[in-house]
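J.: One structure is given below, represented as structure tokens, and several questions about it will come after.
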Amino acid sequence: MEKIEMLGSPQKRGPLIHRKEYEKITEYILAQIKKNGESISLNELLDNATNDLGDIALVVLQVKRDLEARGVIETALNNKREQFLLIKKRQKKRSTVRRMDY
């Protein structure tokens with residue numbers, strides 16, 4: 001099986017994952033964001049993933065970080081400092097973390 005290296009911090013290499021598992025989790029994360037409208041909380045995503053895919057929260061977090069590093073999704077914080085994931089708009093350049101008021 002082909003493996004890919006996910007993007008990590010600039011100082012470290014990212015973890016390796018089988019391409020099919022990476023694609024499955026990527027599609028799952030993006031579908032969950034779209035299903036909930038514009039965003040989904042990180043806690044809700046992890047709960048849904050555990051219910052739907054089994055005990056793979058760590059892998060979901062790793063793929064989430066990779067998608068952020070690649071500019072596919074972004075993390076926003078609400079006024080309670082809860083993380084929400086959004087599909088990143090291609091035409092706008094924003095930092096990885098921004099604040100949301102809701």
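Laboratory data are not the source of any read-out in this text; all were calculated from the coordinates shown. Just so we're clear, the structure is a prediction, and the values are computed from it rather than from any experiment. Counting neighbours? That spans all protein chains shown, and the Cβs are built from the backbone with ideal geometry, glycine included.
J.: On the principal axes of its Cα set, how long, how wide and how thick is the stretch 13-95? Give whole Å, largest value first.
T.: Each principal axis gives a Cα extent; for the stretch 13-95 these are 31, 27, 22 Å.
J.: Show me, for the stretch 40-52, the HN-Hα J-couplings you get by feeding each phi into the Karplus relation (A = 6.51, B = -1.76, C = 1.60, θ = phi - 60°), rounded to Hz, glycine and proline as x.
T.: Computed from phi, the couplings for the stretch 40-52 are 9, 6, 4, 4, 5, 4, 5, 4, 4, 5, 5, 5, 8 Hz.
J.: Also: Which FRET efficiency value, to the nearest 0.05, is calculated for residue 53 and residue 77 with the Förster distance at 41 angstrom and r the Cβ-Cβ distance?
T.: It comes to 0.95.
J.: May I ask you to sort 63, 72 by Cβ crowding, counting other Cβ atoms within 10 Å and putting the fewest first?
T.: Arranged by neighbour count, lowest to highest, 63, 72 become 72, 63.
J.: Can you list the residues, at least 5 places off or on another chain, whose amide H is less than 5 Å from the amide H of residue 14, using H built in the peptide plane?
T.: Result for residue 14 returns 8.
J.: Follow-up. Taking neighbour counts of Cβ atoms within 10 Å as a proxy for exposure, in what order, fewest first, do 87, 40 appear?
T.: Exposure proxy ranking, most exposed first: 87, 40.
J.: I've got another one for you. Would you calculate the separation in nanometres between label points at residue 20 and residue 41, each defined as 7 Å from the Cα along the Cα-to-beta-carbon direction?
T.: Each label point lies 7 Å from its Cα, and together they span 3.5 nm.
J.: Would you grab the residues whose amide H sits under 5 Å from the one on residue 56? Only those 5+ places off in sequence or on another chain, please, with H modelled 1.01 Å from N.
T.: none
J.: Amide H to amide H under 5 Å from residue 73: which residues, 5+ apart in sequence or cross-chain, H placed 1.01 Å off N in plane?
T.: HN-HN under 5 Å from residue 73: 68, 88.
J.: In whole Hz, what ³J(HN,Hα) sequence does the stretch 55-63 give by Karplus (6.51, -1.76, 1.60; θ = phi - 60°), x for Gly and Pro?
T.: Here the 3J(HN,Hα) series is 7, 10, 4, 5, 5, 4, 5, 5, 5 Hz.
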